Amino acid sequence: MGYGHVIIGITGASGAPYALRTIRLLAECGVQVHVAATTMGRRLLVEECGIKSLDAPTLVGDDGLAELVHIHRDSDMGACIASGSFQHDGMAIVPCSSNTLGHLAGGLTNSLVHRAAAVTLKERRRLVVGHRETPLSKIDIGNMATLSDAGAIITPLTPGFYLQPESIQDLVDFMAARIVDLLGVVHDLPVRWKGTLTHLGQHEC
């Protein structure tokens with residue numbers, strides 16, 4: 001089943017593997033993925049994943065999926081994703097830094113990632129904010145509340161352990177799957193809880 005268009009913004013909080021897995025998972029589901037990365041987001045990709053060139057084949061690691069991935073320069077404020085007239089099915093910022101969180105809460109749009117997110121909110125489309133910094137200051141918490149009130153879905157990148165992950169990739173898959181779920185895209189990653197927890201000899205749902 002094919003889907004429409006989804007925007008992925010990458011900023012400078014640690015968590016580049018989450019971004020790469022989310023992009024690939026969306027492409028595997030037939031989604032047209034539009035990617036923009038801030039300057040710090042590009043640095044993050046280099047430092048955490050060794051990605052020095054922001055191109056589709058490198059991001060998804062599969063030439064067959066690359067045709068579904070569209071790269072936009074963060075300085076290009078005239079890109080299609082900067083306009084409310086661009087029809088898409090949602091946007092996720094993964095990872096989202098506290099700096100970007102503050103820009104969005106304050107309505108500041110000095111990059112394409114910020115502009116695309118602001119447009120997503122004003123057009124009442126789905127915006128998933130994958131925040132990845134800890135601990136949180138009161139400013140961060142206030143900015144989250146502001147964005148939540150504006151319609152964003154605040155999604156801290158905190159993977160669960162109830163599926164007993166055996167690798168870092170399992171943890172990355174967990175969060176990528178949650179983000180894709182929130183964007184309304186159906187996937188088949190085996191990350192759903194299907195059983196019951198046992199506590200002091202009792203079974204609870």
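Indicate, rounded to the nearest 5 percent, the antiparallel portion of the DSSP beta bridges found entirely in the range 5-204. The antiparallel proportion sits near 15 percent.
Rank the residues S98, S75 as a footprinting-exposure proxy: fewest other Cβ atoms within 10 Å of their Cβ go first.
Values: S98 20, S75 13.
Final ranking by Cβ density, sparse to dense: S75, S98.
For the range 50-150, relative contact order (Cα pairs under 8 Å, six or more residues apart, normalised by length) works out to 28 percent. Per the Cα gyration tensor, the chain maps to an equivalent ellipsoid with semi-axes of 27, 21, 17 Å, ordered largest to smallest. Relative contact order for the range 5-204: 23 percent, from Cα pairs under 8 Å spaced at least 6 residues apart, divided by residue count.
Please sort 21-28, 63-70, 123-130 by packing, taking for each peptide the average over its residues of neighbouring beta carbons within 10 angstrom, highest first. List each step's numbers first, then the result.
Details: 21-28: 22.9, 63-70: 16.1, 123-130: 20.2.
The densest-packed peptide leads the list: 21-28, 123-130, 63-70.
Taken about its Cα centre, the range 5-204 carries a charge dipole of roughly 520 debye when the Cβ of each Lys and Arg holds +1 and the Cβ of each Asp and Glu holds -1.
Taken together, the values in this text are just the output of simple stated rules run on the coordinates, not laboratory data. Fair warning: this is a prediction, and the values are worked out from it, not measured in the lab. When we count neighbours, we look across all protein chains shown, and the Cβ atoms used for this are built from the backbone with ideal geometry, even at glycine.
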